[in-house]
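What follows draws every value from the coordinates through simple rules; no lab data is involved. Being a predicted model, the structure only gives us computed values, none of them experimental. Here the Cβ is made from the backbone with ideal geometry for all residues, glycine too, and neighbour counts use every protein chain on show.
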Amino acid sequence: MRDKEFDKYLEGNSELSRLYHDAAQLRPSPEVDDAILAEARRALKPRAQAISSPFASNWTVPLSLAAILVLSVGVVLFVTDESGVNKPTESGADLSIMEKPVGKKSIGADKQYQPRKRKAAPAGKFDLKDGRAQQLKQQPVSASGTLKSRSIADTESVSPALNKAAETKPASKKSVGGSDAQYRRARQTKEERSNTTSQGVASDIAPAVPEKKLKKQDEALLEKIRKLRKAARHKEADKYLEVFRKRYPEYPLDKTITR
Amino acid sequence: MLSKQPDEDLMIEYRDGNEHAFTVLYSRHKGGLFRYFYYQCSNASDANELLQDVWFNLIRARERYQVSAKFTTYLYRLAHNRLVDYYRRKSNSLPVSYSDNYEADCETLVADNSADPEIHMDIKKQIDKLLEQVDALPEAQREAFLLREEAGLSLEEIAVTTGVNVETAKSRLRYAVSKIRKQAQI
């Protein structure tokens, strides 16, 4: 074959090429066509899903890091806050309370105020061991007690350990109920004491009963002062008034007595 | 219009998710690629299988596709590699025609055949004869001819596609064209 003929073939439009393309009509089978086009379609689907997904691979790593960071900071802050709250309770007087659990020794003689678990005792009927408690045991507790005038001084006079326990114990429902019952009982004990003593000697005893409940002898005393005022015997009246004031310093008196 | 876009643009569009671009690309090249395999294997079933393998490989490799050469060169390079695998699996070696000096050894034979008397044949007979001659060509020469006719590759592109130098590619094609012309009296 000459180079000229070959160059003409390479330029195209040769008779050989034309005849070949007229003859070559073969095509792949339709099944192969379908398989290839289906594969091309299938290959694009995961890619489209990955792009449309809100948690595509581009998002997962930064999102995970952000979540870990937020959780870590949250835990650190929480732990810091917790340690800050616990610090005061772990120091000073509170620490001594923690070291002495509320038991027989810490309450001491006032352990009788702890309600028993083996019996559901009715209100005001605790099993008390000392003499005062025995006395209380015999006297029912009035529901209409004098809780309005309840003060820290009263409770301290009854039981310092009780006050301590009331300060340190958490205000759970059970402990609150127990404290109220204990307070009522202590209050009543104090009233009883003052009553028994005031019946004997009228002087040198601080008034523990309310002002409205004057004893008959005191009412007689007031009546006597009033008569002395009317009779213009003021010196004697002042003397009796002084005695009365010692008993009832804040009892309201009218002008016929005070002059 | 996708049908007027170059092959390279269609392949990039398919890489980026346009399914229709692939359909256009496939319809352009499915016939030529099928015939490339068909004439090399002389078996429609094998040709269909090889064709499917090549397109599947193209689909899997789409994300790595970069326009560094003509798409046709890229496609037929894949086809050539698959064909070489096919030959090696079938006979554990490449056909003799793929040896470097095969065309030189056969040159005399072709020249001898050119001494045949002039026989005028009608066009149909010419076509049948042509296809017979294509089928009768040695594999390497036939491949060069098919790459030229079916894919429209230049000598340089045929050389790149088949992994040989340009002279070898030219020699193979020249041998194929000369033999067909003489045997088919074109």
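Miscellaneous remarks
- Between B:Asp46, B:Asp16, B:Asp135, the Gaussian network model of chain B with springs among Cα atoms under 10 angstrom shows the greatest mean-square fluctuation at B:Asp16.
- Translational D in µm²/s for chain B (Stokes-Einstein at 25 °C, 0.890 mPa s, Kirkwood Rh from C-alpha pairs): 139
- Dividing the mean sequence gap of close Cα pairs (under 8 Å, 6+ apart) by how many residues chain B holds gives a relative contact order of 24 percent.
- Per-peptide packing, taken as the mean over residues of other Cβ atoms within 10 Å, places A:17-24, B:155-162 in the sequence B:155-162, A:17-24 from highest down.
- Fewest neighbouring Cβ atoms within 10 Å first, the residues B:Ile127, A:Ile36, A:Ile225 line up as B:Ile127, A:Ile36, A:Ile225.
- Candidates B:Arg89, B:Arg148, B:Arg62, ranked by Gaussian network fluctuation over chain B, Cα under 10 Å, top entry: B:Arg89
- Residues A:Lys239, B:Lys4, sorted so that the one with the fewest Cβ neighbours within 10 Å comes first: B:Lys4, A:Lys239
- Counting neighbouring Cβ atoms within 10 Å and putting the fewest first, the residues A:Lys255, A:Lys246, B:Lys129 line up as A:Lys255, A:Lys246, B:Lys129.
- Peptide A:9-18 shows a mean partner chain C-beta count of 4 within 10 Å per residue C-beta.
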